[in-house]
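Chemist: This is the structure I want to talk about, given as structure tokens.
The values are calculated or read from the model by the stated rules, or taken from the named source; none is laboratory data. Because the structure is a prediction, the values reported are computed rather than measured. Glycine also receives a Cβ, built like all others from the backbone with ideal geometry; neighbour counts cover every protein chain displayed. For the accessible areas, the whole protein counts, side chains as well, though only heavy atoms, and no ligand, DNA or RNA atoms are used. Shrake-Rupley method; radii C 1.70, N 1.55, O 1.52, S 1.80 Å.
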Amino acid sequence: QRILRLAEMCRRLETEEEKVLPFYSSSLAEGEQRDAQQVLEDTPAEPLAQAMWDYVGLEHFWQRFNKAKLEEQALEQEQAALRKRNQWLRELLRQYLAGISITQEMLGQPNLL
């Protein structure tokens, strides 16, 4: 019962787009989808199947959770790549600034101009 209430609460917090668009397209044929839906709607007789049936309502939650985890990992990889690029650009800038700066040694030499 708690699980179903939690699933309903999660469903209420979904955006309109999340309610309308599925996360993953099904590879089942239309008849197979109807059969799978019928199996989900029937109350199972075996204890293990009954326990699993209690958690079916959280399917969307776990899909969203997994999607968020994948996005988090992708952002972490992108952040690492951007940090590496930033270090490289800073090093180039440091080399450029070192090349155009005037040192005391240069001031002591005769000016050709």
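Chemist: Here is a list: A45, A51, A36. Which entry is modelled with pLDDT under 80, of a type in the set (G, A, S), open to solvent by 90 Å² or more (accessible area, probe 1.4 Å) and over 19 Å from L13 (Cβ atoms)?
Modeler: A45
Chemist: Given the structure, is A98 in a helix (DSSP H, G or I), of a type in the set (A, V, I, L, M, F, W, C) and at pLDDT below 75?
Modeler: Judged against the criteria, A98 is not a match.
Chemist: Going residue by residue through region 64-84, is there one that turns out to be farther than 22 Å from R5 by Cβ, at pLDDT 80 or above, more than 17 Å from the chain's Cα centre (by Cα) and among the charged types (D, E, K, R)?
Modeler: yes
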